[in-house]
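Participant: My questions all concern the structure below.
Where a number appears in this text, it was derived from the coordinates with a stated rule and is not lab data. If you're wondering where the values come from, they're calculated on a predicted model, not measured in any experiment. Backbone-built Cβ (ideal geometry, glycine too); neighbour counts: all protein chains shown.
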Amino acid sequence: MLNQPVAFSILNDELESRRIDVSAVIEMLKKQHIETPSWGYANSGTRFKAFAWPGAATTTRQKLDDAAMVHKMVGIAPTVAIHIPWDQPEDGDYEAMCQYAEAQGVRIGAVNPNIFQDDEYRLGSFGNPDAAIQQRALDHVWECCEIMPKVKSDVLSLWFADGTNYAGQDSLVGRKRRFEKNLKAVYEHLPTGSRMLIEYKFFEPAFYSTDIPDWGTSYAWSLKLGPQAQVLVDLGHHAQGVNIEQIVAFLMDEGKLGGFHFNNRKYADDDLIVGSVNPYELFLIYNELTGAALGSAEPAHSSAPNIAFMIDQCHNVEGKIAPMIYSVLNCQEAYAKSLIVPRQQLAEVQAEGNILEAHRLLTQAYRTDVEALLQQVRQEMGIPLEPIVAYEASGYEEKIRSERGLAATSGGFQ
Ligand code: PSV
Ligand code: MN
């Protein structure tokens, strides 16, 4: 392996020859922000089995400790999404929970209500035919709106398991109307200056119809609701072959892309490490994001500057903290590669209709090994040059194993 300064100086020369402003790229990489999910640090499983992982977090404080450890290793994961009631403090003191997070070096990010795990939600939450169950779900989401200022969060992240399993089970129009009414009731309750993100998912757990199956539905409702409502794109929630980067480009340009749930899938909502199955897709998504963020001709209403980049993954058999570090690093690498796309040159050849040269410029950035650049960023940020190696050498895994043991319970998904 080349030593770091030599490797960086070779890459720096190469990128400068491509007319890339390397110091600007470094500054942008330092500002990257990826949020990790509290539920990713707890035990989780498939519908067949939840394997307990030694040392997995069971309390919210432990989840925050683990998220803080990830942030120490990568330097770009300063916030943690929470899920209520999984992360409800025993004494109900959310301010204290927020202070605890800050004392560990992280902040609370998005607040995720849970309106899918109670028996009452067998027929859904906001789409439930029973008005009393809809109200129960609404009360819980309102409670989350109240929690937001206590934990200094300005993002409410909504995902619904609602839908039907059989044709004829319920009125599709009826469910749509119930949803509209209840989403509006949430919108009216949002804390000032905050946003509600509406996530879609094409199937599962419902298999015949899903009440928010696609980005078009989320978009239509966020348009109707108003500027504080936006769409959340979870990379695992599309049918095979869907062009996610095109969805991203459209929503962003309309000012309606509010956030991401990063993960990767091979078949369904697999929740695998983002970039592990299709790193090229991840790069293409970042390419759209970066293109919009840097583009001077973008409309003023583009949502590019205010997107919440969140990971939504539960690692069932591969550990908890190390796969989360890998996930953040994969996002960092994809972002770095998107930053070295020669935008000006690309626009010129696109305008000329030079298909292959345009494709070459884009894929050249993707194929470039940016590790030396990332190590330079890490060095300047004062974090470990090789986060995974540093994590393994830190002794943290051994420490939590011996302190926490093997938890029988899950702190999140079963
Ligand atoms: C279930 O598919 C899911 O992964 C959704 O993507 C939510 O964002 C997440 O759970 C947390 O509720
Ligand atoms: Mn999600």
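Participant: If you keep only loop residues by DSSP, which trypsin sites (Lys or Arg not before Pro) in the range 322-414 have at most 11 other Cβ atoms within 10 Å of their Cβ?
Facilitator: In loop regions of the range 322-414 (DSSP not H, G, I, E or B), there are no sparsely surrounded trypsin sites (Lys or Arg not before Pro).
Participant: Taking only C-alpha pairs under 8 Å that are 6+ residues apart, what is the relative contact order of the range 31-341 in percent?
Facilitator: Relative contact order here is 18 percent.
Participant: Report, for the chain, the % of DSSP beta bridges that are antiparallel, rounded to 5.
Facilitator: Close to 15 percent.
Participant: Here is a follow-up. By counting other Cβ atoms within 10 Å of each Cβ, how are Lys49, Lys152 ranked from fewest to most?
Facilitator: By the 10 Å Cβ count, ascending, the order reads Lys49, Lys152.
Participant: Pairs Lys30/Lys201; Lys256/Lys337; Lys181/Lys320; Lys150/Lys176; Lys63/Lys176; Lys181/Lys201: which exceed 29 Å Cα-Cα?
Facilitator: From Lys30/Lys201; Lys256/Lys337; Lys181/Lys320; Lys150/Lys176; Lys63/Lys176; Lys181/Lys201, over 29 Å: Lys30/Lys201; Lys181/Lys320; Lys150/Lys176; Lys63/Lys176.
Participant: Hey, another quick one. Report the dimensions of the range 94-173 along its three principal axes from the alpha-carbon atoms, largest first, rounded to Å.
Facilitator: Principal-axis extents of the Cα atoms in the range 94-173, largest first: 53, 22, 20 Å.
Participant: Stokes-Einstein diffusion coefficient for the chain at 10 °C in a medium of 1.306 mPa s, Rh from the Kirkwood formula over Cα pairs: what value in µm²/s?
Facilitator: 71 µm²/s
Participant: Give me Rg/Rg_expected for the range 81-221, where Rg uses Cα atoms only and Rg_expected = 2.2 N^0.38 Å with N residues.
Facilitator: Here the answer is 1.09, to two decimals.
Participant: Between the DSSP loop rule and a limit of at most 14 other Cβ atoms within 10 Å, which GluC sites (Glu not before Pro) in the range 217-326 are left?
Facilitator: Here the sparse-neighbourhood loop sites are Glu318.
Participant: Per the Debye formula with a single identical scatterer at each Cα and no solvent contribution, what log10 I(q)/I(0) holds for the range 263-376 at q = 0.11, 0.18, 0.21, 0.23 Å⁻¹?
Facilitator: These q points yield log10 I(q)/I(0) values of -0.43, -1.00, -1.20, -1.29.
Participant: Could I ask something else about it? Using just the helices of the chain, give the 222 nm mean residue ellipticity in deg cm²/dmol: DSSP H runs with n ≥ 4 each add -39,500 (n - 2.57), and the total is spread over all residues, rounded to 500.
Facilitator: Helix-only estimate at 222 nm: -14500 deg cm²/dmol.
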